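Worksheet: the structure to be examined is printed underneath.
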Amino acid sequence: MLKAIGLKGELKIKPLTDNPERYRAGAKLWAAGTGGTGCVEGSRARLPRHAEDAQLAVMPLTVKSVRESGRDLAVFFEEIGKVEDAEALRGKELFVPESNVPPLPEGEYYHFQILGLQIFTGSGRLLGKVSDIITAGGRDVYVVKGQGGEHLIPVTDDAIEKIDVQGGRIILRPMKGYIPE
C-alpha cells in the first residue's frame, strides 16, 4: 500500500493485477509484510507460505469500496476506519489465497510462480534465482541473480527450454555469446 488518503482510512494502492474483480466490494484480501515504503499488491499474488515468510503478520481485509485515483486505486476496507489504522498498513503487500487465482493456459505463468525459481543453463550449471521480472519491449525479462552476477533472460522460446514450477527450476537453451556455459 502506498499511503493513507484522508482521515477515514482510505488507502492508495498500486494494483499489479489485470483482474479488476480483485477489488470489487466484498472481495477478501490479506495484508502482509514487514512494512517499509511503497510496497504494492503482491506480485506473488498469493499469501506467503514459505518458512521464511512465517514471521509475517497477516491481516484479513474486506473491500468496502474502490475508486480510481490516477493510475492507482483508492480503497476503503471494512476493517480500517481511521487514518492511523491505514498508516499502519503502509508498506504492506496485499495478497489473495492461491485457491482464488484462476488457472492460466498451459505454458503461461503468474509472476508469483516464477519468482524464486532456480535458472540452469542447458549444460546444468546453476546461474541463480529469478529475483525480479521486468517488461521490456512488450516481453517479460527474468532478472536472475547468482554468484556469477546478474543476468537478464528474455522470456522467449529461443531462450527458455523448460519451466518446471513444481520442480522449482527453469532450463535455458544454449545461447552462444549470451550466457557462458
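The values are calculated or read from the model by the stated rules, or taken from the named source; none is laboratory data. Since the structure is predicted, the reported quantities are computational estimates derived from the model, not experimental observations. All Cβ positions, glycine included, derive from the backbone under ideal geometry; neighbour counts span all protein chains shown.
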TODO: Output yes when any residue across segment 125-141 is assigned to a loop (DSSP other than H, G, I, E, B) and closer than 21 Å to residue 16 by Cα, and no when none is.
DONE: yes
TODO: For residue 99, indicate whether it is exposed (fewer than 14 other Cβ atoms within 10 Å of the Cβ) and modelled with pLDDT of 90 or more.
DONE: no
Open item on the list: Restricting to segment 135-159, give me the number of residues that are without any contact (Cβ under 8 Å) to a residue 24 or more places away in the chain, closer than 13 Å to residue 114 by Cα and touching a Leu at 6+ places or on another chain (Cβ under 8 Å).
Closed with: 2
Open item on the list: Checking residue 117 against (1) without any contact (Cβ under 8 Å) to a residue 24 or more places away in the chain; (2) more than 27 Å from residue 66 (Cβ to Cβ); (3) hydrophobic (A, V, I, L, M, F, W, C); (4) out of contact with any Ser or Thr (no Cβ under 6 Å at 6 or more places or on another chain), only one condition comes out false. Which one?
Closed with: (1)
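Name the one entry in 135, 121 that is among the polar types (S, T, N, Q) and surrounded by 15 or more Cβ atoms within 10 Å (Cβ to Cβ).
From the options 135, 121, the qualifying one is 121.
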Open item on the list: Pairs please, first residue from segment 73-97 and in the same structural domain as residue 61 (by TED's automatic domain parsing), second anywhere and modelled with pLDDT of 90 or more and hydroxyl-bearing (Ser, Thr, Tyr), Cβ atoms under 7 Å, 6+ apart in sequence or on different chains.
Closed with: 76/65; 77/62; 78/62; 79/62
- [ ] Quickly run through segment 156-172 and pick out the residues that are exposed (fewer than 15 other Cβ atoms within 10 Å of the Cβ) and either in a loop (DSSP other than H, G, I, E, B) or among the acidic types (Asp, Glu) (or both).
- [x] 156, 157, 158, 161, 164, 165, 166, 167, 168
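Output the number of residues of segment 158-181 satisfying the condition of being under 23 Å from the mean Cα position of the chain (by Cα) and either of a type in the set (Asp, Glu) or at pLDDT below 90 (or both).
Taking segment 158-181 as the starting set, the residues that turn out to be under 23 Å from the mean Cα position of the chain (by Cα) are 159-160, 162-172.
Keeping just the survivors that are either of a type in the set (Asp, Glu) or at pLDDT below 90 (or both) gives 164.
The total comes to 1.
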